[in-house]
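First the structure, in the form of structure tokens, and then the observations on it.
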Amino acid sequence: NGATGSPRGALVVLEGLDRSGKTSQASGLLTYLEGQGLSAELWRFPDRNTCVGQMISSYLSNESELDDRTIHLLFSANRWEKRTLMESKLRSGTTLIVDRYSYSGVAFSSAKGLDIEWCKGPEKGLLAPDLVAYLDVPPEKAAERGGYGGERYEQLEFQKKVAQHYEMLHDLTWKTVDACLPMEEVAKQLREIVMDCVANCQKGKPLVELWQ
Ligand code: 2DT
């Protein structure tokens with residue numbers, strides 16, 4: 001952000017299967033970044049607070065049925081409705097730690113059998129993460145951690161498919177962290193890659209769009 005001279009924040013996305021530890025790690029990261037004196041916020045998708053988010057939430061809790069492409073587009077719309085705010089936060093110097101993003105969108109929908117390129121389509125033009133930290137855990141291990149809620153998708157066989165589809169999405173921003181390590185070790189590795197990413201954004205790494 002050379003125009004104003006104020007450094008921009010980083011867009012950091014955490015991805016992984018259910019029970020991979022994303023949510024706990026995301027809140028640990030937020031505390032750490034704030035402790036470093038950085039402006040940071042924790043976001044998550046789906047954002048269940050909006051009208052679109054409520055439709056998604058009722059689908060996930062099996063209270064409603066939707067066609068696979070319809071729910072895919074709703075997840076995407078739920079990111080689009082946050083895009084303007086996301087860009088202004090980043091440009092004003094706030095780092096965003098985002099629990100799930102377009103990579104969940106594509107991995108989960110394509111695991112149902114939808115074409116992966118079709119799935120990427122509506123994500124094009126959203127902001128590209130500066131870092132995607134993938135918390136890697138074998139689906140069987142994640143299932144053993146227990147506490148799959150009763151939501152749609154929280155089943156071992158489906159999670160195995162999602163893991164395979166995540167693998168097709170690795171790109172230059174992708175960093176895999178072994179989520180079977182002790183929680184504190186995972187946290188330490190995350191802090192390192194995130195601080196590295198924050199520094200690059202401060203140095204002027206451009207903010208670009210996804211999958212153009
Ligand atoms: P949690 O709220 O527990 O993370 O579960 N999902 C998520 C999709 O299918 N597409 C998406 O675009 C996103 C963001 C992953 C949300 C569930 O919804 C799935 C698990």
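Any chance you could count how many residues in segment 63-80 are in contact with a Ser or Thr (Cβ under 6 Å, 6 or more places away or on another chain) and in a loop (DSSP other than H, G, I, E, B)?
Keep residues of segment 63-80 that are in contact with a Ser or Thr (Cβ under 6 Å, 6 or more places away or on another chain), which gives 64, 72.
Those still in the list that are in a loop (DSSP other than H, G, I, E, B) too: 64.
Counting residues in segment 63-80 that are in contact with a Ser or Thr (Cβ under 6 Å, 6 or more places away or on another chain) and in a loop (DSSP other than H, G, I, E, B) gives 1.
Listed here are the residues, each with its yes/no results for (1) free of Cβ contacts under 8 Å to residues at least 40 places away in the same chain; (2) of a type in the set (A, V, I, L, M); (3) in contact with an Asp or Glu (Cβ under 8 Å, 6 or more places away or on another chain).
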site	(1), (2), (3)
79	no, no, yes
82	yes, no, yes
87	no, no, no
91	no, no, no
96	no, yes, yes
99	no, no, no
109	no, no, yes
112	no, no, yes
117	yes, no, no
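If you go through segment 150-167 and pick out every residue that is under 13 Å from residue 60 (Cβ atoms) and either more than 12 Å from the ligand (Cβ to nearest atom) or of a type in the set (Gly, Ala, Ser) (or both), you end up with 1.
Would you check which residues across segment 81-104 are of a type outside the set (Phe, Trp, Tyr), part of a loop (DSSP other than H, G, I, E, B) and buried (at least 22 other Cβ atoms within 10 Å of the Cβ) and list them?
So in segment 81-104, the residues of a type outside the set (Phe, Trp, Tyr) come out as 81-100, 102, 104.
With part of a loop (DSSP other than H, G, I, E, B) added as a condition, the list becomes 81-82, 92-94, 100.
Correct list: 100 only.
The number of residues in segment 116-140 that are surrounded by 14 or more Cβ atoms within 10 Å (Cβ to Cβ) and within 20 Å of residue 180 (Cα to Cα) comes to 8. Identify all residues within segment 33-69 that are away from the ligand (no atom under 12 Å from the Cβ) and either touching a residue at least 40 places away in the same chain (Cβ under 8 Å) or among the hydroxyl-bearing types (Ser, Thr, Tyr) (or both); write none if there are none. Correct list: 33, 36, 38, 39, 40, 41, 42, 50, 58, 62, 64, 69. Checking the structure you have, find out if any residue of segment 124-131 is farther than 25 Å from residue 30 by Cα and touching a strand residue (DSSP E or B) at 6+ places or on another chain (Cβ under 8 Å). Checked segment 124-131: at least one residue is farther than 25 Å from residue 30 by Cα and touching a strand residue (DSSP E or B) at 6+ places or on another chain (Cβ under 8 Å).
The rows are residues; the columns are (1) over 13 Å from the mean Cα position of the chain (by Cα); (2) at pLDDT 95 or above.
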position: 6; (1), (2): yes, no
position: 54; (1), (2): yes, yes
position: 65; (1), (2): yes, yes
position: 83; (1), (2): yes, yes
position: 104; (1), (2): no, yes
position: 109; (1), (2): yes, yes
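Filtered by the rule that a residue be within 16 Å of residue 183 (Cβ to Cβ) and surrounded by 21 or more Cβ atoms within 10 Å (Cβ to Cβ), segment 18-43 gives 19, 20, 21, 22, 25, 26, 29.
Residues that are more than 19 Å from the chain's Cα centre (by Cα) and over 14 Å from residue 104 (Cα atoms) number at least 3 in the following helices (runs of 4 or more DSSP H) confined to segment 121-212: 139-144, 183-202. Only one of the numbered conditions (1) buried (at least 18 other Cβ atoms within 10 Å of the Cβ); (2) part of a helix (DSSP H, G or I) is not met by residue 46, and that is (2).
The values are calculated or read from the model by the stated rules, or taken from the named source; none is laboratory data. This one's a predicted model, so the numbers in the text were calculated from it and none came from an experiment. Quick reminder, even Gly has a Cβ in these numbers, built from the backbone with ideal geometry, and neighbours come from all protein chains shown.
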